[in-house]
Amino acid sequence: MTQQTGVSLGPIGRLGRAAARHRKGVAVIWLLVIVGFGIFAPRVETALSGAGWEANGSESVAVRASVDHLFGGRSSYAIQVVVHDPRAIFAAPGFQQTVSAVATALRSDPRVAGVSLPTTAAGVSRDGHTAVLVAGAAGDPTVMVQAADDLKAKLARLAGNGQTVSVTGDPGLWSDFNAANRSAMMRSELVSWPVTLAILVLAFGAFVAASLPLLLTIAGLVAAAGSLYAVSQTSEVSIWAMNFALMFALALGIDYALFIVNRFRGALFGSHLTTEEAVGVTMDTAGKAVLFSGATVLISLSAVMLVPSPAFRSMALGIMLSVVFILAATLTLLPAVLGKLGPSIDRGALPWAHAGEHRSPLFARWAELLWRHPVTFGATALALLLALSLPIIGMRTGMPSIKVIPASSGARVGYDQVTAAFGVGAPGTLQIVGPASELSATERLLHNNPGIAAISSVTHDTAGSHVLVEAVPESGPSDSATGSTIEALRTALPPGMLVGGAAAENHDLERALSTSTPIVLATVLILGFLLLLVALQAPLIAAIGVITNLLAVGGAFGVARLIFQDGHGARLLGFEPQGFLDAWGPVFFFAMIFAISMDYTVFLLSSAKEHWDRSNNAREAMVGGVAHSGRVVFAAAAVMVAVFLTFSLSGPLPPKEMGVILGVAVLLDAFLIRLVLIPVTLRLLGASAWALPRILRRLLPKITFGH
């Protein structure tokens, strides 16, 4: 074969070749990026919080602001401290001494606006064994979660013999959740990284090549963590933003590196190209697919920004930052490293590794089998996916309950003590605020409402113009009956009387989610289709690529319903079922599953499109696409499943849901949809899969994946 020089490249190929030629400069730039953001990265865990689970502009958020302003910060983010003594009652000297010590410690903290002491009229249980102090919030929710972090151990040490002092309420709950979450993340990382490396070595067949995805992951994760810290200084950022950023940095770093490195080895060892030209050709083909894949991920996640909740927006932001940095590293840092390594990419090769192998004989045989028996394999895969999706029919959702944190945590202990002492609705006490002139009518309505167990307190502001009425529901905070009570009160209460409190904030967020979910889903599907249409220049297969994603979503949520709602396997996974899935799951996990599955769609179909453009033969497009991308899809999916499932084995309930749902979705999507249904569809559609109507040919930019 004659040596090829002066290879003609597109913009992405030229960028990759330039990075390979100027690899020292690229390395210096990335070193500055990593060091610059790395300074702030270790601080990110303490800067983020569990706060932000609210619906912007809702009535409950308005109540929180009003209560904080008029009533000394006694809103949903006030810190509640439960003192419990099973042997002594509130009037006993030892009990009083502990209450006094707790009050003194709370008042010494500048983040506490004031302390409401328990009295026999309010805050002390009928049996006298439980008392609740309320420390008003002098800061925003993030500040109050940090205050709970600092205070809970100090206050617990004030407990007398046989007593417990527990920090609860929303700040205590999120403080304990964050602590459990950090511990779970560390355990998951300790398990997932060795497993990931082992799978990568098997996939690449060489130790040097297998290390490159981890290089991308580390660079992207450090940069994303540092940037999240910077964002947290001006706005609320959920701790889950870091969780998801970690998962996506690892998952996409591996996906993209697998695709690029696999293609590079084929270009370098399978031709007489120089190293720099092989990098350019690789980026001109696989790099272009990676760019479209990353754009699809970003578009899918940007739709989550339509949910009017700081927590959702910050979680989407965290993932998007990690994707941006991983994508940037893939398009610049990885080509620079490949340019440096050249043939050394196969250093440490395992005995079965074949240098330059790009077309997998194993997956070529699999594609040929699908071509001969499309209906048998296609019908089997479709039937299995539909069967797994059926449980969705009975799926219920609700806002996270106290069960999301370990039973031994202080917030859970305090919650259970409050429930036992004051009733199941006490942790979800409603706060009704408005003109003092409407107090009598409000009290009368509350007494006559069957959903209200009792009025726990009535407080006037210093001017006497406004009143805060705290009412205990008959049902628990996560019970749908509490939501019905809130809606009934809002309809019947006098004008100007607003209903808030932690339970109302959850209810309003759940309503916002139910309103936003169809909009988000439709936006993701439409934008995903348009991007695939531009990338593949084939509307029919672009539509099928999007529609089949719904099968992976359906199967994942069907399995999740059986596990997390019905409790099958709960003991094995170590959690207590809530009786429903968290309400934020459908919209957020849909966007995440769609983003991940589009990765595989782009990898597979861009390869198939490359073969179609070259041969104009439907069989070669299908068989060649699977043969050239199947191994990458298989290996990337195996790593993702391993990573996601490690999150399901440790930690609080939400990360378990996340791990199971995403792990099952990737498993179904990669192995049943991308490696069975999509190839079968290409077989059945034949040439019509790649048909492009004349009007679209004029409108769409010309995109090719072949070189």
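The values are calculated or read from the model by the stated rules, or taken from the named source; none is laboratory data. Treat the numbers as computed from the prediction; the structure is a model and nothing was measured. Because the Cβ atoms are built from the backbone with ideal geometry, glycine has one as well, and the counts that use them run over all protein chains shown. The accessibility values were calculated without ligands, DNA or RNA, using every heavy atom of the protein model including side chains. Shrake-Rupley method; radii C 1.70, N 1.55, O 1.52, S 1.80 Å.
Checking the a/c ratio against 1.5 first, then a/b against b/c, what shape does the Cα gyration tensor give for the chain? Please list the in-between numbers first.
Numbers: a/c = 2.51, a/b = 2.05, b/c = 1.22.
It comes out prolate by the Cα gyration axes.
The residue 122 and residue 218 beta-carbon pair, evaluated with R₀ = 41 Å, returns a calculated FRET efficiency of approximately 0.15. Dipole of the chain computed with +1 at Lys/Arg Cβ and -1 at Asp/Glu Cβ about the Cα centre; of 373, 196, 547, farthest Cα towards the positive end is 373. Neighbours of residue 276, meaning other residues whose beta-carbon lies under 12 angstrom from its beta-carbon, give a summed charge of +4 when Lys and Arg score +1 and Asp and Glu score -1. Say the dipole of the chain comes from +1 at the beta carbon of Lys and Arg and -1 at that of Asp and Glu; which of 235, 496, 409 then lies farthest toward its positive end? Value: 235.
Accessible area per residue for the chain in Å², computed with a 1.4 Å probe and the full protein assembly in place, what is it?
Working: 26070 Å² over 707 residues.
Counting only protein heavy atoms, the per-residue value for the chain is 37 Å².
Once the C-beta distance of residue 572 and residue 156 is scaled by a Förster radius of 45 Å, the resulting FRET efficiency is 0.90 to the nearest 0.05.
What's the carbon and sulfur percent of the chain's accessible surface, probe 1.4 angstrom, rounded to a whole number?
Values: 16590 of 26070 Å².
For the chain, the apolar C and S fraction of the accessible surface comes to 64 percent.
Think of each Lys and Arg Cβ as +1 and each Asp and Glu Cβ as -1; about the Cα centre, that makes the dipole of the chain roughly 2460 debye. Hey, if you put +1 on the Cβ of every Lys and Arg and -1 on every Asp and Glu Cβ in region 1-152, which of 105, 31, 128 ends up farthest toward the positive end of that dipole? Projecting each Cα onto the dipole axis, the largest value belongs to 31.
For a test of the definition: using alpha carbon positions, the gyration tensor, and the 1.5 limit on a/c, classify region 631-707 as rounded, prolate or oblate. Can you show the working numbers first?
Values: a/c = 2.99, a/b = 2.43, b/c = 1.23.
Prolate is the answer for region 631-707, as a/c is 1.5 or above and a/b outweighs b/c.
For residue 68, the solvent-accessible surface with a 1.4 Å probe is about 50 Å², rounded to the nearest 10.
Sum up the charges of everything whose Cβ sits under 12 Å from the Cβ of residue 63, counting Lys and Arg as +1 and Asp and Glu as -1, but leave residue 63 out. Before the final figure, lay out each step's value.
On the way: positive: 64, 74, 490; negative: 54, 59, 68, 470, 505, 508.
Result for the local shell: -3.
Please compare each pair in 24/340; 340/609; 609/702; 154/656; 288/609; 154/403 to a cut-off of 21 Å on the Cα-Cα distance and tell me which ones are over it.
Beyond 21 Å between Cα atoms: 340/609; 154/656; 154/403.
Summarising the strand pairing of the chain, around 90 percent of its internal DSSP beta bridges are antiparallel.
Helices that extend 20 Å or more along their long axis by alpha-carbon positions and average at least 1.6 on the Kyte-Doolittle scale are, among the DSSP H runs of the chain, 23-38, 207-232, 310-328, 374-389, 539-560. Entry note, the chain: relative contact order of 19 percent, from Cα contacts under 8 Å with a spacing of 6+ residues.
Each of residue 271 and residue 379 was given a label point 7 Å from its Cα along the Cα-to-Cβ line. The distance between the two points is 4.4 nm.
If packing is taken as the mean number of other Cβ atoms within 10 Å per residue, what is the order of 13-22, 520-529, highest first? Don't skip to the end; give the middle numbers.
On the way: 13-22: 21.8, 520-529: 18.8.
Top of the packing list down: 13-22, 520-529.
Put 152, 609, 24 in order of accessible area, highest first, and with a 1.4 Å probe you get 24, 152, 609.
If the only charges are +1 at each Lys and Arg Cβ and -1 at each Asp and Glu Cβ, what is the size of the charge dipole of region 192-341 around the Cα centre, to the nearest 20 debye? List each step's numbers first, then the result.
Working: 5 positive and 5 negative charges, 16 e Å.
Roughly 80 debye for region 192-341.
In the assembled protein chains, residue 259 presents an accessible area of approximately 20 Å² (probe radius 1.4 Å).
Accessible area per residue was computed with a 1.4 Å probe on protein heavy atoms; residue 568 scores about 110 Å². Each other residue within a Cβ distance under 12 Å of residue 101 adds +1 if Lys or Arg and -1 if Asp or Glu, for a net charge of +3.
Over region 432-587, calculate the relative contact order: mean separation of alpha carbon pairs under 8 Å at least 6 apart, over the residue count, as a percent. If you can, show how the numbers build up before the last one.
Values: 150 pairs, mean separation 26.7, N = 156.
Rounded, it is 17 percent for region 432-587.
Calculated mean residue ellipticity at 222 nm for the chain: -20500 deg cm²/dmol, from DSSP H runs with n ≥ 4 weighted as -39500 (n - 2.57), summed, divided by the residue count and rounded to 500.
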